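The values are calculated or read from the model by the stated rules, or taken from the named source; none is laboratory data. Because the structure is predicted, anything quoted here is derived from the model rather than measured. All Cβ positions, even for glycine, are placed from backbone atoms using ideal geometry, and neighbour counts span all protein chains on display. These accessible areas exclude ligands, DNA and RNA; they are computed on the full protein's heavy atoms, side chains included. Shrake-Rupley method; radii C 1.70, N 1.55, O 1.52, S 1.80 Å.
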Amino acid sequence: MKKSFLMPLSVSMKKSIRIMTKRYLPFFESLGLTEREDVPKNFLDWDTILIVVPDRHISHELKYYKFSISRLFFVTNPYADQIHIYDFDEWKSVTRNKTQFQIREMMKTSFGGVKKSGADND
């Protein structure tokens, strides 16, 4: 009898989560992330979404959304050339047991980081 009671609850919770998730879609559309090829199509299924921004000014503009959308986490990556999104669980697993210096070095080429070549400086 308990199984029949819990099953509809689980289905209804999944529906409410999908409805809540659809509310977030306009935010990501406004950032232009839904049209980009490098953004996974299932990003709204992630528990927490990591938004990597290229500078503090953009981070400051977007931080107000962090308070209204609880599933967002922001990181500033000065090596990034544009806004990127990742699964926060991936971020946690990669940065676990790393020093701040190691994370900074890693961000030069990953999580939105673009290695600057000598040709770019000319």
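Rg over Rh for segment 43-108 works out to 0.96, using Cα positions for both radii and the Kirkwood form for Rh. Annotation: amide H of THR48 within the under-5 Å range of PHE88, ASP89, sequence separation 5 or more or interchain, hydrogens built in the peptide plane. List residues of segment 51-84, by number, whose backbone nitrogen lies under 19 Å from a label position 7 Å along Cα→C-beta of ARG104. Residues 53-57, 75-81 fall inside that zone. Among all the aspartates and glutamates, which ones have a C-alpha under 14 Å from LYS108's C-alpha, if same-chain residues fewer than 8 places away are not counted? Straight-distance partners of LYS108: ASP55, ASP81.
Taken along the Cα-to-beta-carbon direction at a fixed 7 Å, the label points for LEU25 and ASP47 span 2.5 nm. Taking label points 7 Å from Cα along the Cα-to-Cβ direction, PHE73 and GLU35 give a separation of 3.0 nm. Taken as Cα centroids, segment 93-110 and segment 40-91 sit 16 Å apart, rounded to the nearest whole angstrom.
To the nearest 10, the accessible area of VAL75 is 20 Å² with a 1.4 Å probe.
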